[in-house]
Amino acid sequence: MPSIQSQHRPFSRRGLTLIEIMIALTMTLIVLGAMMQAFQYASGQMQLGRATMELANRLRSAEELLRSDLSHLTVEPRPYTETTNPNGYFEIVDGAMRDKTNAAGINSYLGDVDDVIAMTVRSDGQFFRGRHIPDNTTSSKIIESSIAEVIWYTTFVDRNSDQLIELTESVKVHRRVLLIRPDMGPWEDLTSAEVTFLMQNNDISCRIVQDGNNDSYDVYSNSLDDLALRKNRFCHQWYKYDDANPSIDANWPNFLDRSLISTFKPVEGNDIVLTDVASFDVRVYSPDVSLILDAEIPVAPTDPGFSEVPATQISAGDFVDLVSGDFLRSNTRFASPQWPTAEPFYDTWTPVYESDGFDQNEDGLIDEGTNGLDNGGPLAPDDDSERETRPPYPYPIRGVKVSLRLIEKTTNQVYQSSVTHSYVPE
């Protein structure tokens, strides 16, 4: 009997099982998750890169301005104590804060932000420009000058009054440019409010003279010679008449008044150079400081691990704060014992103090260092010990270093750069 062959065709499946679909979906999700993480990482790196470039660009413009100012001083950064009166001045005020250590003594990248550097500068070809608003009016005009008084300083608001600088409390670096135009003014019989308006809205280097009754003010525009005297500089304590002793300046030695900076800064803030600043640290070069080895690592006085009594000194010379005690160790820190609580400052000084008719050291003698008489000095008449005044640091500045540190708050990045300028003759 012949066999009967099966008429059925082989089985063919047209879809996927549920298990296969679940496996495929799982693998797809794994791949998508990996891709998302890769894109997220790449996006974060791009954001960090953009933030770094932005910080670098912001710092670069500030560095160029600062480097130009330091390179075009109208005076040599040295104390003027002889007969030559300097044409302008150079001054550094070292505030109480220190880099990497805040007011509470806590290590932090939010560091030294209370230093001030001020100077008279000559333009490098392009004139300085500023605004002038005469007579408390709203109309203003542009003025120019080839020389200017330039002040770099910082401001910040301690919102929670904890004496600490926090990420939410933005620090700003300002560069105030005041044109030296002795041909302008004077402005006489002004009230305190009118003086404030004049200083806020006019980019002119001015000195304030208060009358004997302390109820009105005269304001005069400065020359370079005028600015050699501390009382004539921006936001320094001006001459104050003493009824009991007219030969004494009650505000001597005319310190920088930080409250005046807050009062006289421009209303619009058009002098702001940088925001979100973590440090504005001004240091001077001292050949006296030691560089030592700490665990085979060279460290300077400003580095962790430095010891005041070094076991192994490998070199000498570094940039330090004025107050550190390492800057020119033989200095007396201040020119007079009547300044024990003052902020340390470097000033080019002027010999005018020795012949100005004022009794700066309040010993009952006036200008005894230049009167031709022997007023008790161990040597000849008018010897050095008879001087009424002395610069706080009687040495020339060999170099200045200004460190600028910024915070990018969206990425919490910190970027730092420094401007260093040497004043050693080549």
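Before moving on, here are some points about what is shown:
- Across the cross-link table entries 141/265; 172/401; 141/240; 172/265; 231/265; 141/231, which are compared at the Cα atoms, the separations over 24 Å belong to 141/240; 141/231.
- For 403, 61, order by how many other beta-carbon atoms lie within 10 Å, fewest first: 61, 403
- Applying the Kirkwood pairwise sum to the alpha-carbon positions of the range 176-257 produces a hydrodynamic radius of 13.1 angstrom.
- Each of 401, 141, 172 has some number of other Cβ atoms within 10 Å of its Cβ, and from fewest to most they run 141, 401, 172.
- The range 373-426: equivalent-ellipsoid semi-axes (sqrt of 5 x gyration tensor eigenvalues, Cα, Å): 48, 15, 5
- Other-chain or far-sequence residues with amide H under 5 Å of residue 206's (modelled H): 222
- Per residue Cα convex hull volume in Å³ - calculated over the range 49-281: 169 Å³
- When 421, 174 are sorted by how many other C-beta atoms sit within 10 angstrom of their C-beta, beginning with the fewest, the order is 421, 174.
Quick note: the coordinates plus some simple rules give every number you see, no bench work behind them. What you see is a predicted model, and the numbers here were worked out from it, not measured in a lab. Cβ coordinates were reconstructed from backbone atoms using ideal geometry, including for glycine residues, and neighbour counts include every protein chain displayed.
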